[in-house]
Amino acid sequence: MRSVDYNSRRKSILNSAINRYIKDAVPVASDDIAEEFDLSSATIRNIFSELDESGFLKHPYTSGGRIPTDKGYRYYVDFLVQQIELIDGEKKRILKDCKRKIRRLDDALENTSEVISEITHYAGIVSFLEWEDKIFYKGISHILDQPEFRDVDKIRLLIRLIEDKSRLLNIVNRDFSGKVKIYIGSELGLPEMESCSLIVTSYKLKGQPSGRLAVLGPMRMEYDHIIPALEYISDVLTDVLSTI
C-alpha cells in the first residue's frame, strides 16, 4: 500500500485552491478540485478545514467555498508560486514600448508606468528617489474593474490614498532587501489597502539604485506572471536610462 505524504498533499491542494481563486475570483468549493486530485469531496473538505484552522483559507460567507487569507497568499508567494517565463512577444512589446524616442527622464518614467499597467493589467507606479513629491502612475481603472472593489466606500478610500502622493511614495520607496519586495494585504499597514498587494522592484541610473517600479492590484493577482514581468521592465528601463 502506497504511503501518502499528507503535508505535500495539503500544499498541493492549497496551491490549486489559490490558483483557481486567482483565475476565477469566486470562492473555491471542494467539488471544484476533488477530481484534479482523484479524491472525494469529503476528503478535500477535511483538508480545507485543516487549512482554515492553520489560517491559510477562510469562508467569505457562512456557507460556500473558501478564499485565501493574507497568510495563505504569503505562503503561496514564498513557497508555492512558480514564475513563468515571459513569452517572446511580451518581451518584444516591452522593449518597443520602453524604448520609444524619449529624451527626458520624467517622460521615460511616466511612459514606464504606462508600460507596466498595459503588461500587467493593474496599476503601474514609478518613483525617482531624488524627487520627494513626484510619482507616476497609470491604470488605476484596472484595479477598480476587479470584483474586490465593487464596494463604493472601498473604492473611495483607495483612490484617496493613491491621490495622496506622499503616502503612496512612503510605501513604494520603503527600503527592502533582494530584487523584489511583495506586500500582501495587511502587510502594507494601511486599512485602505487591505484588499491589495503591491509588488516593488528597483531600477538603476548610472549604476546606482535610483527609483522604484511597482504594480498595485488586488491580492488575487497573477504573481507568477507579474513578478518576472516587473523584473524584466526594470532591466529594460535601466538600459533605456543609460542613453538619456
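Per-structure values
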item	result
Positive minus negative residues near residue 32 (Lys, Arg vs Asp, Glu; Cβ under 9 Å)	-3
Added length on full extension, which subtracts the Cα-Cα distance from 0.36 nm per residue, residue 104 to residue 9	28.9 nm
Kyte-Doolittle mean at least -0.5, axial Cα span of 20 Å or more - DSSP H helices of the chain	105-120, 223-241
Mean Cα-pair separation over length for the chain, i.e. relative contact order, pairs under 8 Å, 6 or more apart, %	19 percent
Loop-located chymotrypsin sites (Phe, Trp or Tyr not before Pro) in region 20-76, at most 12 other Cβ atoms within 10 Å (DSSP)	61
Stokes-Einstein diffusion coefficient of the chain, Kirkwood radius over Cα pairs, 4 °C, 1.567 mPa s, in µm²/s	67 µm²/s
Dipole of region 88-241 [Lys/Arg +1, Asp/Glu -1 at C-beta], most positive-end residue of 105, 221, 119	105
Fraction of the pair-distance distribution of region 97-164 above 16 Å, Cα-Cα pairs, percent	53 percent
Cα-centre dipole for the chain with unit charges at Cβ (Lys and Arg positive, Asp and Glu negative), debye to 20	560 debye
Residue 39 paired with residue 54, simple spin-label distance in nm, labels 7 Å along Cα-to-beta-carbon	1.0 nm
Qualifying trypsin sites (Lys or Arg not before Pro) for region 95-134 [loop in DSSP, other Cβ within 10 Å: at most 12]	100, 101, 103, 104
Neighbour cut-off at most 16 other Cβ (10 Å), DSSP loop, trypsin sites (Lys or Arg not before Pro), region 164-244	174, 179, 206
Surface/4 estimate of mean projected area, convex hull on alpha-carbon atoms of region 168-208, nm²	3.1 nm²
Global form of region 147-241, assessed from the alpha-carbon gyration tensor, a/c cut-off 1.5	prolate
Centre separation in Å (Cα based) which lies between region 17-64 and region 205-227	29 Å
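All of the numbers you see were taken from the coordinates with simple rules; none came from a lab. Bear in mind the structure is a predicted one, so any value in this text is a computation, not a measurement. FYI the Cβ positions are ideal-geometry reconstructions off the backbone, even for glycines, and counts take in every protein chain you see.
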